[in-house]
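Read through the structure below, which is laid out as structure tokens, and then see the notes.
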Amino acid sequence: MCDIIRRVVGGRIAPIVFLLLPLQLLAQTSSSERRVFGNVNINVGQASDVGWTDGICYRPISDVRPGDTLTFVYGPHDVYRMSSRDHLDNCDFTDGIKLAGVGDSPFVYTVTEQDALDAAAAAPDGGGIHFACSVGAHCSSGLQRLSVQVTNPSAVELIEERNAVPESDYLVGVGESECNLYQSGVEVESGNFLEENALRSTCTEAVLGEDGRYHVSCLSGPATLTPGGVMNSARIMHYPYPTDRRVVVGTRTWEFVSGDPIPGTVEGVEPVPINQLYVHHLSGRVILGQGTEGIRRSEPDAPFPTPYGSLTGDEGDLMIFHIIDLREVDEWLECVECRCRDPDTGTYLDTGGGDGQTGGVSCCTNCTALEGPTMDYRMRYNVSYSDIPDDEPITDVQMLTADISPVVGKQIEFDVPSFNYLKPENRDPDDPHIQRLVRTGPFKDLFKMEFFGDDYSGPETVKLLRCVGHLHIAALGMWLEDATTGEMICSGAGTDGTGPDDKGFLTAIEVESYDPPLEFPADREVRLVTEYNATILHTGVMGMWFAFISSDKQVKREEASLQMGICKENVCDVSLLPAPPSTETIAQASVCFDALQGSLACRFASLCSCEEFINHPDSSGCGGVFTSEMGDIEVNSLCALSCDACPKTCEDELPNGPACNFAGLCSCEDFVNAPESTGCGGVYVSEFGELNINEQCAAYCDACPDTSNANVIQEQILEKLEEGLGGMCKYATADCKRVLTNLYSCASGW
């Protein structure tokens with residue numbers, strides 16, 4: 001028996017979906033056998049595609065049952081359970097429950113019988129369980145909210161199987177009204193609804209050039225803005241590279257254009273001036289995401305010297321556009337810097353002190369009230385690529401990211417106070433009108449993998465190929481130097497426009513490239529410095545540094561395939577499977593500890609001591625929250641041991657359930673001994689179905705669930721599989737095929 005394991009562009013090589021413990025329970029279903037027995041996991045946003053993020057319109061998930069799980073995979077977001085459908089629709093987080101914070105991804109939510117009963121009780125007013133993100137304006141402007149319809153457990157007993165696994169469908173590139181229509185159940189016929197509402201691109205056929213590379217030009221679909229309009233959401237782009245194999249990226253450039261393109265071409269459009277359409281930032285890897293400083297520039301995204309190369313296959317087809325239409329805008333600087341407004345007068349704030357956050361993405365709303373005339377903008381992007389040579393492997397290039405904002409206790413965005421308000425430690429000693437922010441530490445501690453991903457796990461000897469910065473208006477520059485000698489490692493001076501179309505805007509940042517690579521130890525003490533002109537207040541600026549280094553992983557042409565054929569064998573090599581966790585590991589998994597050290601609060605804000613975290617001015621102390629620009633963080637979740645808030649072995653759920661809310665039965669003694677109850681170990685009979693007494697009153701009935709080792713073992717094995725396959729199967733190597741074949745054989749039974 002053989003199968004094809006395909007690697008979805010931007011995802012992982014998909015190991016056969018399996019249910020562990022034991023492996024023989026792994027289900028095999030063909031496309032014609034879709035009936036599902038038992039519980040399932042549902043990836044929100046089909047995790048490897050978009051996951052849980054803003055700019056996505058999520059369709060309600062239906063036919064979810066107690067025991068099913070929802071997996072949220074996300075970046076700078078959180079997960080709240082909303083108290084009602086009305087609260088969800090109005091993005092009102094009052095009485096909401098924070099389930100997972102920034103940095104807690106992936107988060108898995110298990111649907112309970114209580115959820116089903118609550119959903120049934122609230123059905124007339126929009127039953128179900130509801131989730132949203134509280135970061136910035138992600139819920140209101142970014143559509144980051146989700147409803148899940150849960151089937152009543154009594155009904156589940158009558159239907160032991162499902163015809164299909166519930167899925168988390170979504171749309172990209174739609175507005176509020178279109179999203180509401182989609183969420184209300186509008187049918188998608190032959191993909192027309194998706195095609196018409198998602199921002200799509202068209203590309204020319206790949207043409208082999210004299211330089212030995214294939215060249216492709218693409219034009220996105222229209223992004224329609226009003227004068228002063230703001231767009232900040234994810235967009236589907238045409239993927240310009242082959243989808244069956246990895247290729248080596250050549251040069252990539254981009255710009256925004258307007259006009260009506262000639263059908264079937266990328267022509268008939270004109271470049272848009274910077275002072276008409278401001279590119280706040282782009283995120284994604286179809287092209288290298290920057291801002292206005294990257295328009296029509298090839299240096300930031302040029303080919304790397306042989307044998308190094310950036311290989312495709314991991315970037316996906318999503319880009320986040322944050323663009324601002326400056327037509328008819330008088331206060332253009334406040335507009336592009338996303339200045340917050342006074343809630344009473346509507347005028348822009350101009351506090352200057354920089355103690356709070358006076359601007360940023362959460363305040364980025366339309367800069368005028370004009371409704372027209374509208375303008376269609378498209379991104380035109382040109383890429384080139386080549387196949388890996390037959391006789392010479394390519395050493396893949398790894399991107400790293402560092403951020404300067406933790407110096408002032410922020411994440412990603414920060415303010416530049418006017419010079420009178422600069423703190424002494426943030427002032428250039430030679431010029432009091434310049435804000436200078438400095439981060440010092442080992443290179444591997446300052447830089448994270450990819451775009452603020454995991455901690456550095458690259459080679460111990462760094463081979464630096466290129467440095468690229470992302471800054472905003474008023475930036476003077478950014479650089480990386482040796483912390484001991486002051487030797488310059490990377491320089492990134494900013495260039496301001498002087499012409500009629502770009503005066504006052506940042507138009508370029510110096511790019512430093514090395515051939516051969518600059519080598520130094522990963523623990524080298526370095527200093528990251530960013531300078532901004534602080535003559536006047538600037539808000540919501542950024543200071544990011546992208547470093548491109550050798551991964552030291554050589555990839556041959558035959559290892560570039562994004563699909564792999566495997567066949568079931570008649571033997572299962574247990575030595576190739578993850579070993580069960582040790583007794584010590586299982587014991588440690590149940591130990592209460594402070595998790596602050598590994599959190600984003602420590603990583604980005606340098607708050608690594610629970611004593612400092614609990615007593616920080618932005619913290620309300622144990623049992624409260626720490627207020628940050630990325631949302632509220634529950635103090636107890638990061639400092640459980642210090643706050644004496646370690647999870648109890650068992651609690652009664654009754655006070656939080658419908659029996660208490662609707663029937664006034666909030667005491668387990670009354671509940672267990674009620675006429676409708678058969679006592680501990682039995683059930684409580686209600687009009688909504690039967691309630692398991694022990695689940696509602698576990699502590700009272702001395703029926704705390706066995707917190708033995710099964711869950712810990714399963715989590716540990718899954719983690720080891722994910723880690724092992726993620727590293728071994730990034731490329732289609734012989735070792736990957738051997739491990740996947742063995743896993744397939746072991747899981748299939750024999």
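The values are calculated or read from the model by the stated rules, or taken from the named source; none is laboratory data. On a predicted model such as this, the values are computed, not experimentally measured, just so you know. So basically every Cβ, Gly included, is an ideal-geometry build from the backbone, and we count neighbours across all protein chains shown. Surface areas here come from the heavy atoms of the whole protein model, side chains and all, with no ligands, DNA or RNA. Shrake-Rupley method; radii C 1.70, N 1.55, O 1.52, S 1.80 Å.
For the reader, a short list of remarks on this structure follows.
- Each residue in segment 515-545 was checked for being among the charged types (D, E, K, R) and buried (at least 17 other Cβ atoms within 10 Å of the Cβ), and 2 pass.
- Test: residue in segment 293-310 that is surrounded by 20 or more Cβ atoms within 10 Å (Cβ to Cβ), assigned to a loop (DSSP other than H, G, I, E, B), touching a residue at least 12 places away in the same chain (Cβ under 8 Å) and within 19 Å of the chain's Cα centre (by Cα): no
- Checking GLU512, GLU481, GLU487 one by one, the residue that is buried (at least 19 other Cβ atoms within 10 Å of the Cβ) and among the charged types (D, E, K, R) is GLU512 and no other.
Yes/no matrix, rows are residues, columns are (1) acidic (Asp, Glu); (2) in a loop (DSSP other than H, G, I, E, B); (3) out of contact with any helix residue (DSSP H, G or I) (no Cβ under 8 Å at 6 or more places or on another chain):
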site: GLU425; (1), (2), (3): yes, no, yes
site: LEU464; (1), (2), (3): no, no, yes
site: THR485; (1), (2), (3): no, yes, yes
site: GLY492; (1), (2), (3): no, no, yes
site: GLY499; (1), (2), (3): no, yes, yes
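- Checked against the criterion of being at pLDDT below 95, more than 28 Å from the chain's Cα centre (by Cα), open to solvent by 10 Å² or more (accessible area, probe 1.4 Å) and aliphatic (A, V, I, L, M), segment 562-575 has at least one qualifying residue.
- Test: residue in segment 35-52 that is outside any loop (DSSP other than H, G, I, E, B), open to solvent by 60 Å² or more (accessible area, probe 1.4 Å) and modelled with pLDDT of 70 or more: yes
- Subset of segment 379-419 [over 21 Å from PRO300 (Cα atoms) and either of a type in the set (S, T, N, Q) or in a strand (DSSP E or B) (or both)]: SER405, GLN411, GLU413, PHE414, ASP415, VAL416, SER418
- Residue check for GLY453: under 18 Å from GLU413 (Cα atoms) and small (Gly, Ala, Ser): yes
- Count of residues meeting criterion [touching a Phe, Trp or Tyr at 6+ places or on another chain (Cβ under 6 Å), of a type outside the set (Val, Ile, Thr), within 24 Å of ARG341 (Cβ to Cβ) and open to solvent by 10 Å² or more (accessible area, probe 1.4 Å)] in segment 362-414: 1
- Taken over segment 478-501, residues that are over 32 Å from the mean Cα position of the chain (by Cα), touching a residue at least 60 places away in the same chain (Cβ under 8 Å) and closer than 17 Å to SER513 by Cα amount to 0.
So that you can scan it fast, the table gives a plain yes or no per residue for (1) at pLDDT 80 or above; (2) open to solvent by 30 Å² or more (accessible area, probe 1.4 Å); (3) closer than 30 Å to GLY540 by Cα:
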residue	(1), (2), (3)
ALA589	no, yes, no
ASP594	yes, yes, no
GLY624	yes, no, yes
SER637	yes, yes, yes
CYS650	no, no, no
ASN661	no, yes, no
GLY664	no, yes, no
GLY679	yes, no, no
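- Comparison of ALA645, ALA674 shows that the only residue that is among the hydrophobic types (A, V, I, L, M, F, W, C) and touching a residue at least 12 places away in the same chain (Cβ under 8 Å) is ALA645.
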